[in-house]
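S.K.: Sharing a structure, written as structure tokens. Questions coming.
The values are calculated or read from the model by the stated rules, or taken from the named source; none is laboratory data. All of these numbers come straight from a predicted model, not from anything done at the bench. A quick note on method: Cβ atoms are made from the backbone with ideal geometry, for glycine too, and the neighbour counts reach across all protein chains shown.
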Amino acid sequence: MSHIDEQAELKKYQESVLSKARETMSEDDIAYVEEDLRSPCTQEIAVFRAFAEVVEKAEDQIVVIDTAPTGHTLLLLESTQSYNHEIKRSQGDIPESARKLLPRLRNTAETEVIIVTLAEATPVYEALRLEEDLKRAKIAAKWWVVNSSLYRTGTTNKMLSAKASNEIEWINKVDAHSNGNFAVISWSADEIKGDKLKELLL
């Protein structure tokens, strides 16, 4: 399992840019680059490049990416201003994996985006905002998963049954919004992995 350490990737990216800059630039120019590398978007770019390297592995294997409900990083790199700024700063030294990332994510023959939510108001609305972000980046998301559902367990506990009943509204909302392209996974006390994950497919 891969994990992107944002601070480590930021440091690696900054060192890479500065190393290249020192080959041709004056001390004053390098000082400007150092200041520029402290901007907030630098970390986004560094993480984007690391993310692209992970996705590049999809050339010969299936890659599953679990990410937070925001399309902010993708939209930042989608911005012409930010992308041109990156090309200028790195003197055009853009990894092939980064160049291919957005086209690959937009290609429905290669990428399937599944939006995972809980049957509650805030998670559902966050997921809807994510879907809009992805649409602006021209990345399709067809399937939804409602995770950790008490309603799906058929609980008879009075308190849990009340909470389960509250889920119905949000499950129905996901159903209608996704045109039925959704699945509901029961709440489980155990972590779902390995053979338990396979059981969900049966």
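S.K.: Going through Glu23, Glu34, Glu44 one at a time, which residue ends up being surrounded by 12 or more Cβ atoms within 10 Å (Cβ to Cβ), at pLDDT 85 or above and not β-branched (Val, Ile, Thr)?
M.R.: Just a single option satisfies the conditions, and that option is Glu34.
S.K.: Considering every residue within the range 123-144, establish whether at least one is of a type in the set (Phe, Trp, Tyr) and buried (at least 20 other Cβ atoms within 10 Å of the Cβ).
M.R.: Yes, the conditions are met somewhere in the range 123-144.
S.K.: When you check Ser161 against the structure, is it exposed (fewer than 12 other Cβ atoms within 10 Å of the Cβ) and in a helix (DSSP H, G or I), yes or no?
M.R.: For Ser161, the condition - exposed (fewer than 12 other Cβ atoms within 10 Å of the Cβ) and in a helix (DSSP H, G or I) - is not met.
S.K.: Sort out which residues of the range 7-35 are within 24 Å of Glu53 (Cα to Cα) and of a type outside the set (A, V, I, L, M, F, W, C), and write them in order of number.
M.R.: Listed by number, the residues that qualify are Gln7, Glu9, Lys11, Lys12, Tyr13, Gln14, Glu15, Ser16, Ser19, Lys20.
S.K.: Only residues that are surrounded by fewer than 17 Cβ atoms within 10 Å (Cβ to Cβ), touching a strand residue (DSSP E or B) at 6+ places or on another chain (Cβ under 9 Å) and not β-branched (Val, Ile, Thr): list them for the range 103-122, please.
M.R.: Glu112
S.K.: Among residues belonging to the range 164-187 that are in contact with a Lys or Arg (Cβ under 6 Å, 6 or more places away or on another chain) and part of a strand (DSSP E or B), point out the one that is surrounded by the most Cβ atoms within 10 Å (Cβ to Cβ).
M.R.: It comes out as Val184.
S.K.: Take the conditions part of a loop (DSSP other than H, G, I, E, B), basic (Lys, Arg) and in the same structural domain as Thr117 (by TED's automatic domain parsing) and apply them to Lys193. Does it pass?
M.R.: yes
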